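Inspection log for the structure reproduced underneath, given as structure tokens.
The values are calculated or read from the model by the stated rules, or taken from the named source; none is laboratory data. Just so it is clear, the model here is predicted, and its values are computed rather than measured. In this analysis, Cβ positions are derived from the backbone assuming ideal geometry, glycine residues included, and neighbour counts consider all displayed protein chains.
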């Protein structure tokens, strides 16, 4: 190792240069996670954590990057295509061809708009060699890969779709029961993904998966339902008990999910986070103006 000031060879273990007296930059043992570089030296940041790697039935390889704000990087061979909503791509290699399409005409375009997606879809096709295209999360949560077999369907919350192979059909799912539509947390309109092919959805917070047996039932706060198989019977049930209704803090209704089938629950619904942030923003904005400090205090005491 050489001195960053005069270029003289440094003696091992010395804290100062024997030639010019400059302080020797401190370095930590390899693998300890910290390093103090010399002035002007190149800094090589550590690669982000890879939380999951996989390969679809069609041979498409992918990896999940990060833990809280994740991204998925997909490797494509010549002729392979991944599509997403417009504006969903984060980065891609130069050999990826991008083409925007309406996909399905006016009816499907309006259906996608109602489910929280954009009117148009974008195809990303590898033209030569091996290409890379990446998609990043829009909020803290998890990206879930779905490798669907022909005819397999998954029902997901609005705006969950991230990207998929062209063989995967993205459509609107309409809840037929009035109770589930009005009080189910996501309204009447959900998203339905139909295989075959690889698809990715982004869900809120951490994800907990349950496999329900026939007639086995799970009661869930409506906003925590992220995704489920269509074999699961989804309905809304009113909370029982006067004290539970007025003082339980769980609202009037819960989602009743009855098997058989798999369900995916999310630990941090975005509207819960948005409501919490809005409460803090309201308190701070209120206390910023002289006449509304008392109002902010009362609002805080009453829970926002």
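Within the range 120-142, track down each residue that is surrounded by fewer than 17 Cβ atoms within 10 Å (Cβ to Cβ) and over 15 Å from residue 76 (Cα atoms).
Within the range 120-142, 120, 138, 139, 140 qualify.
With surrounded by 13 or more Cβ atoms within 10 Å (Cβ to Cβ), at pLDDT 90 or above and either under 26 Å from residue 168 (Cβ atoms) or not assigned by TED's automatic domain parsing to the domain that holds residue 134 (or both) as the only criterion, which of 56, 51 stands out?
56
Go through the range 71-103 and report how many residues are assigned to a strand (DSSP E or B) and either touching a helix residue (DSSP H, G or I) at 6+ places or on another chain (Cβ under 8 Å) or not assigned by TED's automatic domain parsing to the domain that holds residue 56 (or both).
Within the range 71-103, residues that are assigned to a strand (DSSP E or B) and either touching a helix residue (DSSP H, G or I) at 6+ places or on another chain (Cβ under 8 Å) or not assigned by TED's automatic domain parsing to the domain that holds residue 56 (or both) number 1.
Residue 139 - would you say it is outside any strand (DSSP E or B) and either modelled with pLDDT under 95 or under 21 Å from the mean Cα position of the chain (by Cα) (or both)?
yes
Give the residue that is modelled with the lowest pLDDT, with candidates limited to residues of the range 195-246 that are over 17 Å from residue 156 (Cα atoms) and assigned to a loop (DSSP other than H, G, I, E, B).
Per the stated criteria, the residue is 241.
What is the one condition in (1) over 19 Å from the mean Cα position of the chain (by Cα); (2) over 30 Å from residue 80 (Cβ atoms); (3) at pLDDT 95 or above; (4) surrounded by 16 or more Cβ atoms within 10 Å (Cβ to Cβ) that residue 265 does not satisfy?
That leaves (1) as the condition not met.
Give just the number: which of (1) at pLDDT below 80; (2) in contact with a strand residue (DSSP E or B) (Cβ under 8 Å, 6 or more places away or on another chain) does residue 260 not satisfy?
Of (1) at pLDDT below 80; (2) in contact with a strand residue (DSSP E or B) (Cβ under 8 Å, 6 or more places away or on another chain), only one is false for residue 260: (1).
Given the conditions (1) at pLDDT below 85; (2) touching a helix residue (DSSP H, G or I) at 6+ places or on another chain (Cβ under 9 Å); (3) surrounded by fewer than 16 Cβ atoms within 10 Å (Cβ to Cβ), report the number of the one that residue 296 does not fulfil.
Residue 296 satisfies every listed condition except (3).
Residues checked against (1) in contact with a strand residue (DSSP E or B) (Cβ under 6 Å, 6 or more places away or on another chain); (2) more than 20 Å from residue 137 (Cβ to Cβ):
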{"site": "50", "(1), (2)": "yes, no"}
{"site": "62", "(1), (2)": "yes, no"}
{"site": "66", "(1), (2)": "no, no"}
{"site": "70", "(1), (2)": "yes, no"}
{"site": "75", "(1), (2)": "yes, no"}
{"site": "90", "(1), (2)": "yes, no"}
{"site": "93", "(1), (2)": "yes, yes"}
{"site": "102", "(1), (2)": "no, yes"}
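Kindly provide the set of residues from the range 7-42 that are modelled with pLDDT of 75 or more and either within 47 Å of the chain's Cα centre (by Cα) or loosely packed, with under 13 Cβ neighbours inside 10 Å (or both), ordered by number.
Result: 7, 9.
Kindly indicate which of 114, 148, 76 is surrounded by 15 or more Cβ atoms within 10 Å (Cβ to Cβ), at pLDDT 90 or above and within 20 Å of residue 171 (Cβ to Cβ).
After applying the criteria, what remains is 148.
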